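Asks: Submitted below is the structure of interest, expressed as structure tokens.
The values are calculated or read from the model by the stated rules, or taken from the named source; none is laboratory data. Please read all numbers here as calculations on a predicted model, not as lab measurements. We place every Cβ from the backbone using ideal geometry, glycine too, and count neighbours over all the protein chains shown. Please note that ligands, DNA and RNA were not included when accessible areas were found on the heavy atoms of the full protein model with its side chains. Shrake-Rupley method; radii C 1.70, N 1.55, O 1.52, S 1.80 Å.
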Amino acid sequence: MASLICGSLAFDNIMTFSGRFADQIMPDQIHILNVSFLVPTLRRDFGGCAGNIAYALHLLGGQALPMAVVGHDGDGYVAHFKQLGIDTRFIKKLDDHYTAQCMITTDMDNNQITAFHPGAMMQAHENTITKDCGAAIGIVAPDGRDAMLQHAEQLHAAGIPFVFDPGQGLPMFDGNDLRHFISLATWVTVNDYEGKMLSERTGLSFAEISTQVQGLMVTLGAEGCDLWENGERMHVPGIQATAVVDPTGCGDAWRGGLLWGLEQGRPLRTCVELGNRMGALKIAARGPQNYQLDFDPAAV
């Protein structure tokens with residue numbers, strides 16, 4: 001079973017600030033905010049939600065079909081995926097755009113400040129999903145606004161069950177949009193902050209959302225995940241990480257674990273446990289696509 005992963009491919013420029021943002025930002029002066037952070041370390045990694053999810057799913061032995069757009073500088077990313085053995089048939093190149101770029105600064109408390117240039121991603125709606133795409137399940141992850149709306153519609157029309165994963169793209173949509181996404185999706189996943197925004201904008205509680213889909217998953221970082229099914233909550237505890245090095249891409253690693261479990265027809269709780277394990281594995285490595293599998297997913 002293959003998973004169609006709709007979302008962004010981006011270059012992540014990851015910087016580390018050797019202090020705490022809270023010590024540099026004065027709350028009573030936030031209206032005239034003008035700060036600068038010295039970041040002694042800088043690394044550039046392959047990233048973007050679709051790329052990171054595809055990497056995680058591929059590590060687990062799943063078949064990833066990333067659907068995304070890169071710019072004139074994206075040949076190296078496509079070559080990277082080809083070298084890994086990840087299918088690139090649905091990655092489109094636009095020569096008059098840059099590939100999406102993400103600038104991430106992390107402090108000593110693992111808080112992050114991110115700036116994002118969407119570049120070619122804003123044309124992701126030019127990719128179209130059809131019934132013969134070869135996917136058994138899909139995910140609509142953060143992407144261009146039009147692409148997220150259209151790909152959700154196309155997956156639903158093709159009869160392909162999918163995860164709605166709005167992530168940092170959630171603020172682009174109002175309550176009507178979000179309620180429509182939920183009506184089309186098979187599963188919904190958000191982190192705790194996104195979950196509060198989703199609930200506020202739709203006017204729906206987590207319990208109510210979960211009655212409209214097969215499962216709502218609210219990730220809680222190191223604490224694990226709340227799994228909602230048919231109006232009932234089940235807490236799935238987190239996995240202790242061997243080290244806390246870099247949180248960038250942990251949510252995407254989690255989603256890769258979720259997709260692998262869904263591909264395999266595992267119970268939803270087991271899919272969440274796999275996600276928790278992948279998130280804990282990723283946070284111990286720098287960059288979103290530099291970790292390796294250290295467990296047998298079939299044994300989870």
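Asks: Considering only residues that are open to solvent by 50 Å² or more (accessible area, probe 1.4 Å) and modelled with pLDDT of 95 or more, which ones fall in segment 241-263?
Replies: Passing the criteria: only Thr242.
Asks: List the number of the failed condition for Gly61; all other conditions in (1) out of contact with any Ser or Thr (no Cβ under 7 Å at 6 or more places or on another chain); (2) among the small types (Gly, Ala, Ser); (3) closer than 21 Å to Gln168 by Cα hold.
Replies: (3)
Asks: Continuing with the same structure: Under the condition of being within 19 Å of Leu293 (Cα to Cα) and in a strand (DSSP E or B), which residue from segment 49-78 is most open to solvent (accessible area, probe 1.4 Å)?
Replies: Among those residues, the one meeting the criterion is Gln63.
Asks: Now for a different question. Quick one: in segment 270-286, of everything that is farther than 16 Å from Ala299 by Cα and within 14 Å of the chain's Cα centre (by Cα), which residue is surrounded by the most Cβ atoms within 10 Å (Cβ to Cβ)?
Replies: Among those that are farther than 16 Å from Ala299 by Cα and within 14 Å of the chain's Cα centre (by Cα), it is Lys282.
Asks: Can I ask one more? Suppose the filter is over 25 Å from Gly221 (Cα atoms) and not hydrophobic (A, V, I, L, M, F, W, C); does Asn111 pass it?
Replies: Criteria not met by Asn111.
Asks: Let me ask you something else. Looking only at segment 175-203, which residues are surrounded by fewer than 13 Cβ atoms within 10 Å (Cβ to Cβ) and touching a residue at least 24 places away in the same chain (Cβ under 8 Å)?
Replies: Ser183, Gly203
Asks: Would you mention how many residues in segment 254-300 are over 24 Å from Gly134 (Cα atoms), assigned to a helix (DSSP H, G or I) and touching an Asp or Glu at 6+ places or on another chain (Cβ under 7 Å)?
Replies: Looking only at that region, the number is 1.
Asks: Additional query: Consider Val213 carefully, then state whether it is crowded, with 18+ Cβ neighbours inside 10 Å and outside any loop (DSSP other than H, G, I, E, B).
Replies: Spelling it out, it is not the case that Val213 is crowded, with 18+ Cβ neighbours inside 10 Å and outside any loop (DSSP other than H, G, I, E, B).
Asks: Out of everything in segment 95-131 that is free of Cβ contacts under 8 Å to residues at least 60 places away in the same chain, polar (S, T, N, Q) and not in a loop (DSSP other than H, G, I, E, B), what residue ends up being most open to solvent (accessible area, probe 1.4 Å)?
Replies: Thr114
Asks: Which condition breaks for Asn34 when tested against (1) open to solvent by 70 Å² or more (accessible area, probe 1.4 Å); (2) in contact (Cβ under 8 Å) with a residue 12 or more places away in the chain?
Replies: Only one criterion in (1) open to solvent by 70 Å² or more (accessible area, probe 1.4 Å); (2) in contact (Cβ under 8 Å) with a residue 12 or more places away in the chain is unmet by Asn34, namely (2).
Asks: Being in contact with a strand residue (DSSP E or B) (Cβ under 7 Å, 6 or more places away or on another chain), open to solvent by 50 Å² or more (accessible area, probe 1.4 Å) and part of a helix (DSSP H, G or I) is the filter here; which residues of segment 132-161 pass it?
Replies: Correct list: empty.
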